[in-house]
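What follows draws every value from the coordinates through simple rules; no lab data is involved. Bear in mind the structure is a predicted one, so any value in this text is a computation, not a measurement. Every residue, glycine among them, receives a Cβ derived from its backbone with ideal geometry; neighbour counts consider all protein chains shown.
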Amino acid sequence: MNLFSQYIFNDLELNNRMVMAPMTRCRAVAGNIPNPLSVMYYEQRASAGLIISEGSQVDPMGIGFYRTPGIHSKDQIKGWKIVTDGVHKAGGKIFLQLWHVGRMSHPDFLNGALPVAPSALPIDEEIHTPLGKKKILVPRALESEEISGVVKQFWAGARNAKAAGFDGVEIHGANGYLLDQFLRDSSNTRTDMYGGSLENRARLPLEITKAVISEWDANRVGYRISPHFFQHGMADSNPQNTYSYLAQELDRLGIGYIHLIEPVGGRFGATPKNAQLASTIRTKFSGTLILNGGYDKKTGDNAINECQGDLISFGTSFLANPDLPERFLRNAPLNSPDISTWYAGEDKGYIDYPTLNREL
Ligand SMILES: Cc1cc2nc3c(=O)[nH]c(=O)nc-3n(C[C@H](O)[C@H](O)[C@H](O)COP(=O)(O)O)c2cc1C
């Protein structure tokens, strides 16, 4: 088995086992509506077995980057519908990533309001805002009574994603954003039913997952985790327990996949063997496991062949190579990603990476 072996993902037949990882590209237009250029960007990458869209905020309070698209307004749904139609016409499949950044924001993004988080803990870092680089402020801890409102935002985002023609949704539980902040004990010191014990810390992620599967068939829902992400003050005193429990509970809910970021090399370094969680998650979760982090053709093929995961997601290599599956098939050289255009710009570094067959 390898990256090109057939994979039937529940009721979806994927072209190959290569997933395009979610990537924020900061190109949305006024109103946080997907840029018309995004249609071409995603269409160009439709040969992926599955595309996961860039993170899309479920609420204006969930924004923490410049020019990211949302999934909470009618115009955003319309903008996304053009993208999903384009991807489908090109023979691809696309899920939307549902996102709320929690404390990784700034009042400059939020009409002067403080970002919200599980707990009012400081992070000694800076953030790029529309008005320049600023210090991250101590966030406001969500009141217990407010939390059902956050669940509703994710539920509405999931419903809107359906209206926008997506094939499914991925809940962003990774990379130090709101759901990760609730789950891990470095960022959650609450004393109500959403903090303290592991069961309590996982409550919001699981309530959100339940809300999302009330809109979507569970097998069209994924959940992303990053146990080895230690930036932005993120840590956990017992990752093995934390992620085993989460995987087991997500299994109980019957969701389609877990998307595990566990770098094996490349620019993110390799996760030490004794910290790796893929095999533990495999034993707790019976759905599809997507692996991510520094994979290339060789390590991706190996991981599939050894059944470490069912699918492999590629971020930066898909960003720079719209025809990545074909390049892997032909053992062709890859374009290098231009970091200066990852999070800024218009068409350059977005829709102009050349394919093998066509000068763009
Ligand atoms: C430009 C850029 C934007 C990203 N945005 C997101 C995002 O919106 N959501 C997310 O879960 N991960 C995001 N990531 C992380 C990627 O999905 C992926 O985990 C990371 O690039 C590692 O995979 P790779 O080694 O194949 O590039 C982003 C990464 C990059 C480079």
(request) Could you check Ala117 against (1) under 18 Å from the mean Cα position of the chain (by Cα); (2) surrounded by 23 or more Cβ atoms within 10 Å (Cβ to Cβ) and say which number it fails? (result) (1)
(message) part of a strand (DSSP E or B), among the basic types (Lys, Arg) and in contact with a strand residue (DSSP E or B) (Cβ under 9 Å, 6 or more places away or on another chain): is that true of Lys162 in this structure?
(response) no
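Where in the range 1-72 are the strands (runs of 3 or more DSSP E), entirely inside, with at least 3 residues that are crowded, with 17+ Cβ neighbours inside 10 Å and within 13 Å of the ligand (Cβ to nearest atom)?
Details: elements: 7-9, 12-14, 18-20, 50-57.
Output list reads 18-20, 50-57.
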(request) Quickly run through the range 265-319 and pick out the residues that are among the hydrophobic types (A, V, I, L, M, F, W, C), surrounded by fewer than 18 Cβ atoms within 10 Å (Cβ to Cβ) and touching a Pro at 6+ places or on another chain (Cβ under 9 Å). (result) Ala270, Ala275
(request) Considering only the range 286-305, state which residues are more than 18 Å from the chain's Cα centre (by Cα) and in contact (Cβ under 8 Å) with a residue 12 or more places away in the chain. (result) Ser286, Asp296, Lys297, Thr299, Gly300, Asp301, Ala303, Ile304, Asn305
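When you scan the range 227-266, how many residues do you find that are among the small types (Gly, Ala, Ser) and on the phi > 0 side of the Ramachandran plot? Working first, answer last.
At the first step, the residues of the range 227-266 found to be among the small types (Gly, Ala, Ser) are 233, 235, 237, 244, 247, 254, 256, 265-266.
Next, only the ones that are on the phi > 0 side of the Ramachandran plot stay: 233, 254, 265-266.
Residues meeting the conditions: 4.
Which of the following residues is surrounded by fewer than 17 Cβ atoms within 10 Å (Cβ to Cβ) and either within 18 Å of the chain's Cα centre (by Cα) or under 14 Å from Trp99 (Cβ atoms) (or both): Phe166, Phe230, Phe182, Phe154? Can you show your working first?
On the way: Phe166 fails: surrounded by fewer than 17 Cβ atoms within 10 Å (Cβ to Cβ); Phe182 fails: surrounded by fewer than 17 Cβ atoms within 10 Å (Cβ to Cβ); Phe154 fails: surrounded by fewer than 17 Cβ atoms within 10 Å (Cβ to Cβ).
Selected residue: Phe230, the only one of Phe166, Phe230, Phe182, Phe154 that is surrounded by fewer than 17 Cβ atoms within 10 Å (Cβ to Cβ) and either within 18 Å of the chain's Cα centre (by Cα) or under 14 Å from Trp99 (Cβ atoms) (or both).
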(request) Of the conditions (1) farther than 25 Å from Ile208 by Cβ; (2) in contact with a strand residue (DSSP E or B) (Cβ under 8 Å, 6 or more places away or on another chain), Ile94 clears all except one; give me its number. (result) (1)
(message) Given (1) surrounded by fewer than 18 Cβ atoms within 10 Å (Cβ to Cβ); (2) within 21 Å of the chain's Cα centre (by Cα), identify the lone condition not met by Leu334.
(response) (2)
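Let's see how each residue does on (1) under 18 Å from the mean Cα position of the chain (by Cα); (2) over 26 Å from Tyr245 (Cβ atoms):
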| site | (1), (2) |
| --- | --- |
| Gln276 | no, no |
| Thr280 | no, no |
| Ser313 | yes, no |
| Asp323 | no, yes |
| Tyr343 | yes, yes |
(message) Please list, ordered by residue number, the helices (runs of 4 or more DSSP H) wholly in the range 257-360 having 2 or more residues that are touching a helix residue (DSSP H, G or I) at 6+ places or on another chain (Cβ under 7 Å) and not acidic (Asp, Glu).
(response) 278-284, 316-320, 324-330
